[in-house]
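Worksheet for the structure shown next.
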Amino acid sequence: MAAYLLRRLIQAVLILLGVSIVTFLLLFLVPADPARQIAGRSATPAMVESIREQLGLNLPIYQQYWRYLSALLHGDLGRSYLQRTDVSTLVWARLPASLLLMAGGIVCELVLGLTMGLVAALRRNSRLDQGLMIASFVGVSAPQFVVGILLLYVFAVKLNWFPIGGYGSFSQLVLPSLTLGVLGAGWYSRMMRSAMLDVLRQDYIRTARAKGLARLRVIFRHAVPNAILPIVAMIGIDVGIFMSGIVVVESVYGWPGIGQLTWQAIQRVDIPIIMGVTLISACAIVLGNLLADLIAPMIDPRIKLR
Amino acid sequence: MSVATAPEPVPAARHAPFQPPGIVGQLLRRPLALFGLVVILAIVVLAVTAPWIVPFDPNEQTFDGLTLEGSPLAPNARFWLGTDLLGRDLLSRLLYGARTSLLIGIAANGIAVAIGAFVGIVAGFFGGIVGAALMRFTDLMMAFPALLLAIVLAALFHPSLWIVVLVIAMVNWVQVARIIYTETRSLAQREFIEAERGLGAGNARILFRHVLPHLLSTVVVWGTLGISTTTLLEATLSYLGIGVQPPTPSWGNIIFENQTYFTSAPWLVFFPGLVIILLALSFNLVGDALRDILDPTQKGRH
């Protein structure tokens, strides 16, 4: 276990190093000149030159990367061109809102997905099963902005059950979380269905039935926990999908999180913010995958460590 | 009840050669796949014939296309799906938008599958330092969230139709590369390849006579499923305003342009949203059925 852990950690660090190189090179590809952008339109060539000097843009590329990396290691993601604030400060201030939204998204996708999958498996090949599986296909085929706008229209504008937007109360959290969770619910319902069908075929389920246990007890005590565990271990992987999703969902609902920050930065071509968020997302994905790989064998001993 | 002593059946279908006629027949027998095929066919026909069947010029701001207060018209006998914020016919814009969305979806996915297959085959078949480097690079790309990376790339370069295609392809080749790599590796180690080698066949012969034909089913499955992903990505980028630029209609940017009206004119979001979902759903249904038919052992998330 310790050797496996160490190897996975080293892999993760190497990938993160690669990620930093890719984001650094992307910064280089940007057609806009950062010094000119910071200086503004009325700046004299001398001012632009001094900003260039300050940012180290005249240094050779490997020295620039080294400056970039050592700043990163000190938690410095650079400064926003337009908001004149450190990117890390901006991100840090908006992190709680995004984490709340992601937590809501995870709850929605698990509750929806696992319930749909469970019902479909128990009513296998019935009309209900077919209907649920078609619904799960629609869930993975619907772009999040369409789901978001439709939910807004039906539940906020027409039915008036939830507020149209804003941040702070529980009722404002429901629709954005649901929007973020629909995609995952589609995947989880299909995984849960096939996992349940697999488990129900096992010998220990037949034994439990043969002992004369009630059907519900067999399902909820013996089958469901075994079907759910390997699926729940994959939540870490969802982080990556969510990092993309929050850009769309937060822009639809005006949710004041990292996604909205990114969206505004895109509109104004504020490169340091875009790059900072990309880097943080990549870290989140690497960590999420690492967690998924570590948790899975812990809760399911049948998985062998490689 | 009998005690099972028979050996595990060999998964012969795993690398079964690709046989088109039988596959089409099996697809047509599945109701969901049939539905998907019909929808795809209908959208393709409408997109190709759009210039001849549109009731209005998609960019024409018709004189009677807005109410006296200047808001869009609801669906009516003259404008079947209503008009948009500039008084343009929504049906005509959707039909032309189908051309953009299909073109980008198919082209981007074609490029992504080509790059992915090339990387996967080179790394899986030849291996070595180049192969290892390619797969480490693929791992690295997987650390970036796909949509966010596409957003970054699209925001950095000035968006045009072909930039959007390239951006989407750059994001989507990664999964294909991983899958083709795994398939090629497992193929290269099988007995019939060993036997060929023993008979003196060279790399080229093994690659073109044996490996490539067996990879065709994977390419077909991903070539179909992937179009669903790429059309969704195009719609999302266009919705964020960094994909296809107005006035060229695409299903995503129609919603982008009109979303401020969605409370008073919901059809401007409803109809484009519906066609996006229908198209992505259809490619998903057909792709999933193809995967079932061609490779019964491989299921799960993609």
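The values are calculated or read from the model by the stated rules, or taken from the named source; none is laboratory data. None of these values were measured; they are calculated from a predicted model. Virtual Cβ from ideal backbone geometry, glycine too; neighbours counted across all protein chains shown.
Points worth noting:
- Every residue from the stretch A:53-100 that is in a loop (DSSP other than H, G, I, E, B) and on the phi < 0 side of the Ramachandran plot: A:Leu57, A:Asn58, A:Leu59, A:Pro60, A:His74, A:Asp76, A:Leu77, A:Ser80, A:Tyr81, A:Leu82, A:Gln83, A:Thr85
- From A:Met234, A:Met243, residue being in contact with a Pro (Cβ under 8 Å, 6 or more places away or on another chain), over 30 Å from B:Ala265 (Cβ atoms) and surrounded by 14 or more Cβ atoms within 10 Å (Cβ to Cβ): A:Met243
- Looking at the stretch B:183-302, the helices (runs of 4 or more DSSP H) lying wholly inside it that each contain 2 or more residues that are away from every other protein chain (no Cβ under 11 Å), at pLDDT below 90 and farther than 30 Å from A:Trp263 by Cβ sit at B:191-198, B:212-239, B:267-294.
- Taken together, B:Ile115, B:Ile151, B:Ile104 contain a single residue that is assigned to a helix (DSSP H, G or I) and at pLDDT below 90, which is B:Ile151.
- Test: residue in the stretch B:138-146 that is touching a residue at least 60 places away in the same chain (Cβ under 8 Å), in a helix (DSSP H, G or I) and under 30 Å from B:Pro246 (Cα atoms): yes
- Residues of the stretch B:152-164 that turn out to be of a type in the set (Val, Ile, Thr) and surrounded by fewer than 23 Cβ atoms within 10 Å (Cβ to Cβ), as a count: 1
- Matching option when the condition is out of contact with any strand residue (DSSP E or B) (no Cβ under 7 Å at 6 or more places or on another chain), more than 13 Å from chain A (Cβ to nearest Cβ) and within 29 Å of B:Tyr261 (Cα to Cα), among B:Ala107, B:Ala155, B:Ala98: B:Ala98
- Some residue of the stretch A:289-299 being more than 26 Å from A:Val111 (Cα to Cα) and part of a helix (DSSP H, G or I): no
- When the stretch A:111-143 is limited to residues that are of a type in the set (S, T, N, Q) and either touching a Lys or Arg at 6+ places or on another chain (Cβ under 7 Å) or not in a helix (DSSP H, G or I) (or both), the one that is nearest to the other protein chains (Cβ to nearest Cβ) turns out to be A:Ser136.
- Within the stretch B:147-166, being over 13 Å from A:Ala282 (Cα atoms) and in contact (Cβ under 8 Å) with a residue 60 or more places away in the chain holds for B:Ala150, B:Ile151, B:Ala154, B:Ala155, B:Pro159, B:Ser160, B:Leu161, B:Val164, B:Val165.
- Test result for B:Leu232, free of Cβ contacts under 8 Å to residues at least 60 places away in the same chain and under 18 Å from the mean Cα position of the chain (by Cα): yes
- Test: residue in the stretch A:223-245 that is more than 26 Å from the chain's Cα centre (by Cα), within 14 Å of chain B (Cβ to nearest Cβ), at pLDDT 80 or above and farther than 28 Å from A:Phe145 by Cα: no
- A:Leu95 vs. criteria surrounded by fewer than 19 Cβ atoms within 10 Å (Cβ to Cβ), touching a residue at least 24 places away in the same chain (Cβ under 8 Å) and out of contact with any Pro (no Cβ under 9 Å at 6 or more places or on another chain): yes
- Only one of the numbered conditions (1) closer than 21 Å to A:Asp129 by Cβ; (2) in a loop (DSSP other than H, G, I, E, B); (3) among the aliphatic types (A, V, I, L, M) is not met by A:Val218, and that is (2).
- Residue within the stretch A:176-196 that is assigned by TED's automatic domain parsing to the domain that holds A:Val107 and modelled with pLDDT under 85 present: no
- For the stretch A:144-159, filtered to residues that are closer than 25 Å to B:Ser228 by Cβ and free of Cβ contacts under 8 Å to residues at least 40 places away in the same chain, the residue that is farthest from the other protein chains (Cβ to nearest Cβ) is A:Leu151.
- Residue within the stretch A:27-38 that is within 26 Å of the chain's Cα centre (by Cα), at pLDDT 80 or above and aliphatic (A, V, I, L, M) present: no
- Just one of the listed residues (A:Gln144, A:Gln202) is on the phi < 0 side of the Ramachandran plot and either modelled with pLDDT under 90 or of a type in the set (Phe, Trp, Tyr) (or both), namely A:Gln202.
- In the set A:Leu101, A:Leu5, only one residue is hydrophobic (A, V, I, L, M, F, W, C), within 28 Å of A:Gly168 (Cα to Cα) and modelled with pLDDT of 75 or more; that residue is A:Leu101.
- Only one of the listed residues (A:Gln11, A:Gln83) is at pLDDT below 80 and under 26 Å from the mean Cα position of the chain (by Cα). That residue is A:Gln83.
- Check on B:Ile115, surrounded by fewer than 22 Cβ atoms within 10 Å (Cβ to Cβ) and without any contact (Cβ under 8 Å) to a residue 60 or more places away in the chain: no
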